[in-house]
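One structure is given below, encoded as structure tokens.
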Amino acid sequence: MSYLQRHLTTGFFCPISRGGGSDHSDRYINLMISALDVKDSPEMMVGVPEVQANQLIAQGRVGDLIDRVYSQWAGEQSGHQITVCLGPGSFVGGNELDAQLAAALSTPVILTMNCPPHANASELYNAIMVKRQLFLDHRAEVLGVVLNRVPREDYALLMRELRSKLAKSGVEFAGALPDDSLLANVRLDEMIAHLGAEDLFRRSGQQVPLDKECSNIIVASQRLEELLEQLEEAQDALPLIVTSMDRLDIVLGLLAAQLSVKGPAIGGILLTRAGAPLSSRRYARDAVSRIFQGLDGSMYKGTLMPVMHVDMPLFECVRELQETKSSILPTSARKIRQSKTLFDRYIDANSLVASMQNKKLSGAPMRVTPQLFLYNIKATCLRSPQHIVLPESEDPRVLQAAAEVTQRGLAKVTLLGREDLVRAEAKKLGIDISGVQVVDPNESAPRFDAYVDALVEARKKKGLSRDVAVDTVKGDSNMFGVLMVHCGDADGMVSGAIHTTAATVRPAMQVLRDESTRVSSIFFMCLPDRVLVYGDCAVNMNPNSEELAQIAVVSADTARAFGLEPRIAMLSYSTLGSGEGPDVQLVTEAVRLAKQLRPNEKLEGPIQYDAAIDPTVAAVKVKTPSQVAGKANVFIFPDLNTGNNTYKAVQQATGAVAMGPVMQGLTKPVNDLSRGCTVPDIVNTVCLTSVQAMYRKGQNTVDLETIQPMDSMDVVDDLPGFDASQLPGILQVSQTPAEVAAPAHRTGQTSASGSADI
């Protein structure tokens with residue numbers, strides 16, 4: 001990580017904290033703040049606390065966990081040129097969750113793996129390729145591999161063979177950290193941190209280092225003279241003495257021995273809970289405290305060993321000490337220095353940076369994950385909240401969604417219904433809609449007459465009378481909501497939780513139809529690694545060539561409004577003339593008309609679905625240069641039967657999230673819900689409608705090229721020596737910083753290069 005800090009403003013992020021509680025305490029984050037001077041607050045550097053993460057996983061809500069992590073991640077990395085993210089690995093969720101997080105955060109991955117004892121190059125190669133494939137299966141981008149804890153006696157031969165095997169497979173091998181005795185040893189400060197021990201004595205003005213190795217643990221239950229004899233026999237040892245608080249003879253005898261130049265070397269004394277009755281325990285502690293207080297005023301000015309206390313029985317304390325694992329703390333100065341030395345000597349960080357730059361410069365389309373797509377839509381809504389009307393106030397889901405949208409500041413909401421009944425129902429359900437406007441859609445409404453006049457004007461070609469218009473506005477909440485939008489009293493409408501699609505769409509088509517284009521719909525298909533646009537899957541049954549061309553160009557506009565650069569595929573069972581028939585001719589003509597409407601649009605057709613989405617298939621089926629083949633993200637189906645069945649098939653087969661239908665071809669946005677919708681579905685549809693409203697007004701909408709922070713954050717200018725625009729965020733996977741630098745006792749975990757460089 002310090003390697004990156006030399007050149008770029010660098011952030012650090014833990015998707016799941018290791019604090020063990022519901023707070024944001026995490027010893028690895030504390031290490032980053034202390035050792036590397038990371039300036040961010042601990043709260044910003046944590047996605048979800050461990051307790052919450054385990055609860056969500058146990059409830060089968062991994063998707064919710066990833067969404068919460070993403071929201072925090074976006075805010076953290078927005079202020080940095082690069083962010084190092086530490087995957088949880090076997091700590092929570094295992095490698096599968098690592099891969100899911102890497103895909104969701106759309107970050108490249110550096111894999112690290114501990115070298116098992118006695119492993120040969122073939123075994124290591126197979127283990128690396130299996131782990132790499134797991135990430136590739138989740139569409140995560142793997143930059144390279146770093147190996148850890150390689151036995152020194154086998155290092156040269158093992159690395160030569162492994163490097164050769166990985167090079168033949170096209171895998172970047174950045175190096176390997178050898179096993180290191182200093183990093184493997186448990187230090188005194190690590191023992192104290194593991195036990196939660198407190199200082200009883202350290203001489204004021206004298207910094208007794210706790211960052212030192214204790215060679216062994218001695219339980220002092222014998223007589224003092226026997227203990228001193230045992231210490232004298234082990235002259236080169238530096239033991240930790242563990243005894244109970246009521247053994248004053250041991251404490252005083254060892255302190256006295258420290259005054260002699262021939263006294264034994266001792267790492268420290270750890271006092272445990274006294275075994276005597278409570279009154280004796282208090283006396284012992286008070287006596288020890290008085291003696292310690294007097295030491296500062298004594299004539300002896302030399303170094304004295306630290307004395308600590310832990311409130312647990314002696315043998316429980318010894319058991320805990322034996323289970324202490326090597327780690328790195330902010331106070332572990334020697335381990336930190338050694339980690340940096342090993343990294344600089346053995347890891348080729350330049351190759352990893354070059355790999356990042358090459359992948360960025362390769363021109364591959366940006367990966368747009370569902371989390372990125374939804375997050376940036378909501379960030380856009382927060383910048384400019386629109387006014388959305390929800391006609392179905394009698395549905396509890398709509399009430400809950402209205403409250404959530406209002407409280408989060410995503411939009412201004414108006415509910416239609418009798419205000420006293422709506423607010424009473426919300427109160428019974430425990431839903432706070434105090435910030436939501438409620439309008440009763442009847443003749444007492446302030447703008448009722450204006451809405452009637454607007455409806456009469458919109459339907460004058462149909463000969464609609466005013467009396468019928470009054471009854472229609474009064475009796476149809478959807479029509480009332482559409483007229484609010486039409487007259488500028490709201491920016492958009494969302495309905496359909498309890499109404500049919502026809503009941504929602506018909507008023508919009510009667511009042512808000514754009515005469516210059518065909519009313520149609522699209523679905524946003526949120527796949528794990530990309531977002532696609534499918535149209536039309538809900539409105540037009542058998543569009544002719546002119547209608548199909550209109551659907552294509554308006555779908556391109558919708559895609560652009562949501563931050564997608566459209567590459568349009570006009571679908572058919574034929575690819576660029578490979579087949580014939582009236583259906584192929586219809587699409588061919590639609591392509592010609594669409595290109596007349598939008599000469600500069602990236603559009604191809606007729607083309608089959610596989611040739612449109614898969615570069616390998618496109619290379620075989622499309623012989624001419626194409627900006628769309630193999631890279632399409634907007635798919636126009638020739639009829640409703642094909643489109644509707646395809647979106648449902650893809651949704652069921654891949655688990656994709658289908659957002660829609662999003663209505664197009666209206667002068668102002670109105671969108672339909674499924675009657676089986678959930679509260680998040682309604683919230684998302686409100687956000688989609690808001691973005692459409694902004695696009696109609698000519699406002700800046702979604703930008704997927706950068707993650708937009710929910711709150712304003714300044715981005716530091718590029719530092720000399722690097723082109724930060726060529727470096728994506730980097731994801732570290734599975735292993736903690738301490739475990740990369742200090743060899744872990746567990747195997748089969750992964751991490752990333754920055755972890756070793758602390």
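With the condition kept exactly as written, say whether any residue in the range 173-181 is at positive phi, touching a helix residue (DSSP H, G or I) at 6+ places or on another chain (Cβ under 6 Å) and at pLDDT below 90. Within the range 173-181 (the criterion being at positive phi, touching a helix residue (DSSP H, G or I) at 6+ places or on another chain (Cβ under 6 Å) and at pLDDT below 90), the answer is yes, since at least one residue qualifies. For the condition closer than 16 Å to Phe373 by Cα, out of contact with any Pro (no Cβ under 8 Å at 6 or more places or on another chain), hydroxyl-bearing (Ser, Thr, Tyr) and at pLDDT below 90, Thr736 does not qualify. When each of Val505, Val531 is tested for being within 36 Å of the chain's Cα centre (by Cα) and either assigned to a strand (DSSP E or B) or crowded, with 22+ Cβ neighbours inside 10 Å (or both), the lone residue that passes is Val531.
Answer with yes or no whether Ala104 is closer than 12 Å to Pro15 by Cα and small (Gly, Ala, Ser). Taking the combined requirement at face value, the residue satisfies it. Filtered by the rule that a residue be touching a Ser or Thr at 6+ places or on another chain (Cβ under 7 Å) and hydrophobic (A, V, I, L, M, F, W, C), the range 131-144 gives a lone residue, Leu143. Among residues that are β-branched (Val, Ile, Thr), touching a strand residue (DSSP E or B) at 6+ places or on another chain (Cβ under 7 Å) and part of a helix (DSSP H, G or I), Ile110 is not included. Checking each residue of the range 113-126 against the condition of being in a strand (DSSP E or B) and either modelled with pLDDT under 90 or not hydroxyl-bearing (Ser, Thr, Tyr) (or both) gives at least one match. Residues in the range 208-258 that are buried (at least 20 other Cβ atoms within 10 Å of the Cβ) and touching an Asp or Glu at 6+ places or on another chain (Cβ under 7 Å): Leu210 alone. Would you confirm whether or not the range 540-555 contains a residue that is outside the structural domain of Tyr695 (by TED's automatic domain parsing), at negative phi, within 31 Å of the chain's Cα centre (by Cα) and not in a strand (DSSP E or B)? Yes, the range 540-555 contains a residue that is outside the structural domain of Tyr695 (by TED's automatic domain parsing), at negative phi, within 31 Å of the chain's Cα centre (by Cα) and not in a strand (DSSP E or B). One residue stands out in the range 315-341 among those that are among the aliphatic types (A, V, I, L, M) and surrounded by fewer than 21 Cβ atoms within 10 Å (Cβ to Cβ): the one that is farthest from Ala35 (Cα to Cα), namely Val318. Scanning the range 403-449 for residues that are exposed (fewer than 15 other Cβ atoms within 10 Å of the Cβ) and among the aliphatic types (A, V, I, L, M), we see that the one that is farthest from the chain's Cα centre (by Cα) is Leu421. With the structure loaded, tell me whether Ala197 is among the aliphatic types (A, V, I, L, M), surrounded by 17 or more Cβ atoms within 10 Å (Cβ to Cβ) and at pLDDT 85 or above or whether it fails that test. Answer is no for this residue. Being of a type outside the set (Lys, Arg), outside the structural domain of Ala379 (by TED's automatic domain parsing) and surrounded by fewer than 20 Cβ atoms within 10 Å (Cβ to Cβ) narrows it down to one residue among Gln596, Gln608; which is it? Among Gln596, Gln608, only Gln596 is of a type outside the set (Lys, Arg), outside the structural domain of Ala379 (by TED's automatic domain parsing) and surrounded by fewer than 20 Cβ atoms within 10 Å (Cβ to Cβ).
Residue-level check: of (1) modelled with pLDDT of 80 or more; (2) crowded, with 17+ Cβ neighbours inside 10 Å, Glu161 misses just (2). Inspect all residues belonging to the range 144-153 and state whether any of them is assigned to a helix (DSSP H, G or I), farther than 22 Å from Ser332 by Cβ and not assigned by TED's automatic domain parsing to the domain that holds Leu527. Looking for residues that are assigned to a helix (DSSP H, G or I), farther than 22 Å from Ser332 by Cβ and not assigned by TED's automatic domain parsing to the domain that holds Leu527, one finds at least one in the range 144-153, hence yes. For Arg152, the stated conditions hold: it is under 30 Å from Leu240 (Cβ atoms) and surrounded by fewer than 22 Cβ atoms within 10 Å (Cβ to Cβ).
The values are calculated or read from the model by the stated rules, or taken from the named source; none is laboratory data. Nothing here was measured: the structure is a model prediction, and the numbers come from that model. Neighbour counts are summed over all protein chains in view; Cβ atoms, including those assigned to glycine, are modelled from backbone coordinates with ideal geometry.
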